[in-house]
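Enquirer: This is the structure I have questions about; it appears just below.
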Amino acid sequence: MARKVVITGLGATTPIGGDVPTLWANALKGVSGAHTLPDEWVETYNLPVKFAAKASTPASEVLSRVEMKRMDPSTQFAVVAAREAWKDSGIEEVDHDRLAVAFATGIGGVWTLLDAWDTLKEKGPRRVLPMTVPMLMPNGPAAAVSLDLGARAGAHTPVSACASGTEAMHIGLELIRSGKADVVVCGGAEAAIHPMPMASFAAMQALSKRNDDPEHASRPYDIDRDGFVMGEGAGALVLEAEEHAIARGATIYAELAGTSVTADAYHITAPDPQGLGATRALKAAMFDGLIQPEDVVHVNAHATSTPVGDKPEYTALRAALGSHLDNVCVSATKSQMGHLLGASGAVESVLSVLAVYHRKAPVTINLENQDPEIPLDVVVGTPRELPQGSIVALNNSFGFGGHNAVVAIRSV
Amino acid sequence: MASNEEILAGLAEIVNEETGLETEAVEMDKSFTEDLDIDSISMMTIVVNAEEKFDVKIPDEEVKNLKTVADAVNFIAAAQA
């Protein structure tokens, strides 16, 4: 019998809340974190997309000046979220040789990289900061969290674009089940609201161009959706072997029942229109967690609000859950906080855990005319009460490269 | 040209900016590594910032000889002369 893995700590810093209590309150209320960017560079480079969903609490309000200087913004968010999750877990004593980290990013230290490039061009090599390499490396967030918590059972960095944060949960589960660790701090962080990524994502027509109305730009499943809204921040979860959590009398939010990772092998960016890779991921996560379709009551969908992305996810959910899908309520929380890329799966896992724990599904905003080709039961207006008894929520994440990751959260 | 006191004060500001150490902690007889716990990456950042602030060149091979704050102050003073 495999070890059971439970979730005992949650942390987040997002466009709709700088900590978990604020995030959860706003996710139930339904607010938009997207706003016109005040930054000078939007006009300097005449960017086609002039808005994004920035973290509502700047990391500088939480971290010290010296910490800020030595960390890329993505790592700053990671440390903020991981510290909150660690504190929330209440762990006071732990065998540090049995404590691991799995902290993802989609893009890594893009601010550091491009700042250093500017410095090199403008001031020469002597002025390039000695901290540049450790700040830009994609394993920076995982390494910083490992250093901060003294986690010595490995610090892993899944990099699978927008599936990264969810893949971190998969790694965490495997580390505990296989006996390599007792506690794993999982998560994802991203800080890519920089003119270059903004221009790049816009160039591939992935971003919404609703410049005159940013708050209504992220509209998953709506017939007038025209792309995703760039977000930033981090999410973190403390995974723990059940016996370890019980032995210290921890508050257990939920069980991480099953996880999966698959690849489309179809196209570098376009999702398989039949959602085959996503279907296999959903079925594999359910198989992994010994979950029947009837156990599932809620899905936190990937649903980025792109014209081509939202429908194959529906197709996959239908294939995996069959007619039971009609009894499942779906939340598309990117409608509120935008798309946090490599952090999205972690933050949405936090929301899925809270949904199961509080038996309440957060709302989807901006859904005015639901795409008739996506007949899902979407939670709009007010949060949805979830049933009593044993329930399961699924969280899907898909990334450029054809990456699919799913986690299944079960009530305890 | 700055006096040794001015160089010390300027250096202390750079160290404070990089490490968060109080400027008063940066005293002439203090060792960068032993007393101030400054790692090699921070030391290089301090060196480059000092080059800019005092308009001097501190060659990379010289940095290992700057063991104490006094070593750095004296080197900068000599380089400015």
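Enquirer: For chain A, what does the helix formula give at 222 nm: sum of -39500 (n - 2.57) over DSSP H segments with n ≥ 4, over the residue count, nearest 500 deg cm²/dmol?
Expert: So the helix-based figure for chain A works out to -10000 deg cm²/dmol.
Enquirer: Roughly how many debye, to the nearest 20, is the charge dipole of the range A:97-198 about its Cα centre, given +1 on each Lys and Arg Cβ, -1 on each Asp and Glu Cβ, and no other charges?
Expert: So the dipole magnitude of the range A:97-198 works out to roughly 280 debye.
Enquirer: Still on this model: Can you list the DSSP H helices in chain B whose Cα atoms extend at least 18 Å along the helix axis and whose mean Kyte-Doolittle hydropathy is -0.5 or higher?
Expert: B:4-19, B:40-54
Enquirer: For chain B, state the average projected area of the convex hull of the C-alpha atoms over all orientations, rounded to one decimal in nm².
Expert: Across all orientations, chain B yields a mean hull projection of 4.4 nm².
Enquirer: Ok, one more. Taking only protein heavy atoms into account and a 1.4 Å probe, give the accessible area per residue of the protein assembly as shown in Å².
Expert: On a per-residue basis, 40 Å².
Enquirer: Continuing with the same structure: For chain A, calculate the relative contact order in percent as a whole number, restricting contacts to Cα pairs under 8 Å that are 6 or more residues apart.
Expert: 24
Enquirer: State log₁₀ I(q)/I(0) for the range A:1-103 at q = 0.13 Å⁻¹ as given by the Debye formula over alpha-carbon point scatterers of equal weight, solvent excluded.
Expert: Each listed q maps to, in turn, -0.64.
Enquirer: So for the pair A:S200, B:T33, with labels modelled 7 Å out along Cα→Cβ, what separation do we get in nm?
Expert: Once both label points are built, they end up 3.8 nm from each other.
Enquirer: Multiplying the sequence separation of A:E385 and A:D95 by 0.36 nm and subtracting their Cα-Cα distance, what value in nm do you get?
Expert: Stretched fully, the A:E385-A:D95 segment lengthens by 100.5 nm.
Enquirer: Calculate, for A:V308 and A:T22, the FRET efficiency according to 1/(1 + (r/R0)^6) with r their C-beta to C-beta distance and R0 41 Å; round to the nearest 0.05.
Expert: Efficiency at R0 = 41 Å is approximately 0.80.
Enquirer: Follow-up. How much of the accessible area of the range A:84-203, in percent, comes from carbon and sulfur atoms when a 1.4 Å probe is used?
Expert: Result for the range A:84-203: 57 percent of the exposed heavy-atom area is carbon or sulfur.
Enquirer: Can you give me the distance in nm between label points at B:M1 and A:D226, each placed 7 Å from the Cα along the Cα-to-Cβ direction?
Expert: 6.7
Enquirer: Output the residues of the range A:38-74 meeting this criterion: accessible area (heavy atoms, 1.4 Å probe) in the chain alone minus accessible area with all protein chains in place is 20 Å² or greater.
Expert: So the qualifying set is A:R65, A:V66, A:K69, A:R70.
Enquirer: So, in Å, what gap is there between the alpha-carbon centers of the range A:331-345 and the range A:375-391?
Expert: 18
Enquirer: Specify which residue in the list A:N46, A:M68, A:W117 is farthest towards the positive end of the charge dipole of the range A:1-134, using unit charges on the beta carbon of Lys, Arg (+1) and Asp, Glu (-1), about the Cα centre.
Expert: After comparing all options, I get A:W117.
Enquirer: How many angstrom separate the Cα center of the range B:45-63 from the Cα center of the range A:163-196?
Expert: 40
Enquirer: With only Lys, Arg, Asp and Glu charged, each at its Cβ (+1 for the first two, -1 for the last two), find how big the charge dipole of chain B is about the Cα centre; round to the nearest 20 debye.
Expert: Dipole magnitude for chain B comes out near 260 debye.
Enquirer: Using only protein heavy atoms and a 1.4 Å probe, how much accessible area in total is buried between A and B, to the nearest 100 Å²?
Expert: Buried area (both sides, nearest 100 Å²): 1200 Å².
Enquirer: Within the range A:305-349, name every residue whose backbone N is under 15 Å away from a label modeled 7 Å from Cα of A:Q274 along the Cβ vector.
Expert: Flagged as within label range: A:312-313, A:315-320.
Enquirer: Further question on the same structure: In debye, nearest 20, what is the charge dipole magnitude of chain A about its Cα centre with +1 on Lys and Arg Cβ and -1 on Asp and Glu Cβ, if you could check?
Expert: The calculated dipole for chain A is roughly 600 debye.
Enquirer: Restricting to Cα atoms and excluding each atom paired with itself, what does the Kirkwood estimate give for chain A in Å?
Expert: 20.7
Enquirer: Another one. Apply 1/(1 + (r/R0)^6) to the Cβ-Cβ distance of A:Y266 and A:R65, taking R0 = 45 Å, and write down the FRET efficiency to the nearest 0.05.
Expert: E between A:Y266 and A:R65, to the nearest 0.05, is 0.45.
The values are calculated or read from the model by the stated rules, or taken from the named source; none is laboratory data. Just so it is clear, the structure is predicted and the values come from calculations on it, not from any experiment. Glycine gets a Cβ as well: all are built from the backbone with ideal geometry, and neighbour counts include every protein chain shown. Surface areas here come from the heavy atoms of the whole protein model, side chains and all, with no ligands, DNA or RNA. Shrake-Rupley method; radii C 1.70, N 1.55, O 1.52, S 1.80 Å.
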